[in-house]
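Q: Take a look at this one; I'll ask things after.
Nothing in this text is a laboratory measurement; each read-out follows from the coordinates by a stated rule. Only a predicted model underlies this, so the values are computations on that prediction, with no experimental measurement involved. Cβ: placed from backbone, ideal geometry, glycine included. Neighbour counts: every protein chain shown.
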Amino acid sequence: MSNLRAQLLDAGIELVADHGLEGLVPCEVDRRAGVTDGTTQECFPTRQALVEGVADRCIEREMQMVAGDRPEVEASPDGVADALGRFVLRALDDDRSVTLSRYVLQAEAARTPALRAFYGVGADNVDTWALDLVRRAGSRHPERDFGLLANYVTGLVFHELALPTPDLDPVARVRDVIGALQWSAP
Amino acid sequence: MTDRRTLLLDAALELVGTQGMRGLTHRAVDAAAGLPPGSTSNHFRTREALVLGIVERFVVRERAMATGPRDEVDPTPEGVAAAFGRFVDRALGPDRMVTLARYAILVETAQHPELRSGMASGADQVDTWALDLVTRAGSPDPQRDLGVLANYVTGLVLHELALPSQDLDAAARIRSVVDSLGWTRVTGS
């Protein structure tokens, strides 16, 4: 993704988080991104292209939230707990706007089948990568355990966003769940 | 028989689910409930009071989604899986509007922390009930396991809403989560 596209879409994410999808207006994106009027309209000629661009960028940023600055997550229970815990912290703090935008888009996807199909492609990419990681970290039931962890993390972020636990330690929480799943070194 | 306050709150829930928070006005709730103008204002003076009323109503609606008409759950792994499975099926099907309204309210709560206390007391009521159930069903670590199940169910609904699986068997999925947690059957008494 080019820098300009990313810059515009990040501004779009913030607008959706603050004002819902109706806040996603090209001229507002220009203003928030600090670029010349008309730039967003030029890059994303239709509303559909802009909404899909924002959804796509949310997935890309979520990948970054899991992997952090390191390109590789260590394939061990601690490595997975660390990566998912870091994801939770970022989702609640620095990347809060990505999280909020995602709920807005998710509700929209439930009403608009065209967006749903698109969102599916991105979600599949995340799944393949994470499934492999969980397997290498010692899970004997990668499908089940990945499903469990992915849903657990999503639910944790969802609950913590509305009702924050003081001094939440998400790495320890995720590690605790993995402990119950009894992974063993491959 | 449903009282007028409940009727208004269910209409408000439906409105928020269909249109998001911007659809929530006192006048729109009157119309959706089929009641005379001013009915909603009589029960809920401010928009905040109305939102808190909806949050309160979630507790009752969500519990009914889990227990079904019998209003009780067998304290066994099968009973817990069936209850949470029923919750997922209803959250994605007949009570879809409750689910969508919940997302909208969540975003609103994240933006307006003054709504948190109402949300917290609702969450406490649900937790007390569910913690007791999970304990009686044989969990060795009820706090952890309720966290796992509650977060799992929320995540599953969120994912399935956008990307439905063909022939989802939610109860079976939840059963496999329960099985992975090593519950032991409580015997006697």
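Q: Taking 0.36 nm per intervening residue step and subtracting the Cα-Cα distance, what contour gain separates A:A114 from A:A180 on full extension? Show your work: numbers first, answer last.
A: Working: separation 66, 0.36 × 66 = 23.76 nm, distance 3.89 nm.
Stretched out fully, the A:A114 to A:A180 stretch lengthens by 19.9 nm.
Q: Ok, one more. Sort B:L9, B:L131 by Cβ crowding within 10 Å, fewest neighbours at the top. Walk me through the numbers before you get to the answer.
A: On the way: B:L9 26, B:L131 15.
Ranked by crowding around the Cβ, least crowded first: B:L131, B:L9.
Q: Which whole number gives the average, over all residues in A:144-150, of C-beta atoms from other chains lying within 10 Å of the residue C-beta?
A: Values: counts 5, 3, 0, 7, 10, 4, 4.
Whole-number average of other-chain Cβ neighbours for A:144-150 is 5.
Q: For the protein assembly as shown, I need the span (max minus min coordinate) of the C-alpha atoms along each principal axis, in Å, sorted largest to smallest.
A: Largest first, the protein assembly as shown extends 70, 59, 40 Å along its Cα principal axes.
Q: Right, next: Which value in deg cm²/dmol, rounded to the nearest 500, describes the helix-derived mean residue ellipticity at 222 nm for chain A, given -39,500 (n - 2.57) per DSSP H run of n ≥ 4 and division by the residue count? Can you show the working numbers first?
A: On the way: 9 runs with 140 residues, N = 186.
Calculated from helices alone, the mean residue ellipticity at 222 nm is -25000 deg cm²/dmol.
Q: Name the residue from B:T76, B:V98, B:P140 whose Cα lies farthest towards the positive end of the charge dipole of region B:4-180, charges +1 on Cβ of Lys and Arg and -1 on Cβ of Asp and Glu.
A: Projecting each Cα onto the dipole axis, the largest value belongs to B:V98.
Q: Helix-only estimate, please: 222 nm mean residue ellipticity of chain B, summing -39500 (n - 2.57) across DSSP H runs of length 4 or more and dividing by its residues, to the nearest 500. Present the calculation step by step, with values, prior to reporting the outcome.
A: Working: 9 runs with 135 residues, N = 189.
My calculation for chain B gives -23500 deg cm²/dmol from helical runs alone.
Q: Using a 10 Å cut-off around each Cβ of peptide A:107-113, what is the average number of partner chain Cβ atoms that fall inside? Walk me through the intermediate numbers first.
A: Details: counts 12, 3, 3, 12, 5, 0, 0.
Average neighbour count from other chains, rounded to a whole number: 5.
Q: Assigning unit charges at the beta carbon (Lys, Arg +1; Asp, Glu -1) and nothing else, what dipole magnitude in debye, to the nearest 20, does chain A show about its Cα centre?
A: Details: 19 positive and 30 negative charges, 84 e Å.
Charge dipole of chain A: 400 debye, to the nearest 20.
Q: Find the percent of Cα-Cα distances in region B:107-189 that exceed 19 Å, and round it to a whole number. Please report the intermediate quantities before stating the final value.
A: Numbers: 1796 of 3403 pairs.
That tail contains 53 percent of the Cα-Cα pairs.
Q: Now, a different point. B:D124 to A:S76: FRET efficiency via 1/(1 + (r/R0)^6), r the Cβ-Cβ distance, R0 51 Å, to the nearest 0.05? Before the final figure, lay out each step's value.
A: Values: r = 36 Å, r/R0 = 0.71.
Step by step, r from the Cβ atoms, then E = 0.90.
Q: With no solvent and one point on each alpha carbon, what is the Debye value of log10 I(q)/I(0) for chain B at q = 0.08, 0.15, 0.17 Å⁻¹?
A: Relative scattering, expressed as log10 I(q)/I(0), comes to -0.29, -0.92, -1.11.
Q: Hey, with R₀ at 30 Å, roughly what FRET efficiency would B:D74 and B:Q143 work out to, going by the Cβ-Cβ distance, to 0.05?
A: Working: r = 21 Å, r/R0 = 0.71.
The calculated FRET efficiency here is 0.90.
Q: If we count other beta carbons within 10 Å of each Cβ, what is the order of B:D3, A:D127, fewest first? If you can, show how the numbers build up before the last one.
A: Values: B:D3 8, A:D127 14.
Result, fewest neighbours first: B:D3, A:D127.
Q: For chain A, just the Cα atoms, rotate onto the principal axes and tell me the three extents in Å, largest first.
A: Ordered largest first, chain A gives principal extents of 55, 34, 32 Å.
Q: Using the Kirkwood formula over every pair of different C-alpha atoms, what hydrodynamic radius in Å results for region B:87-141?
A: After inverting the mean inverse Cα-Cα distance, the result is 13.2 Å.
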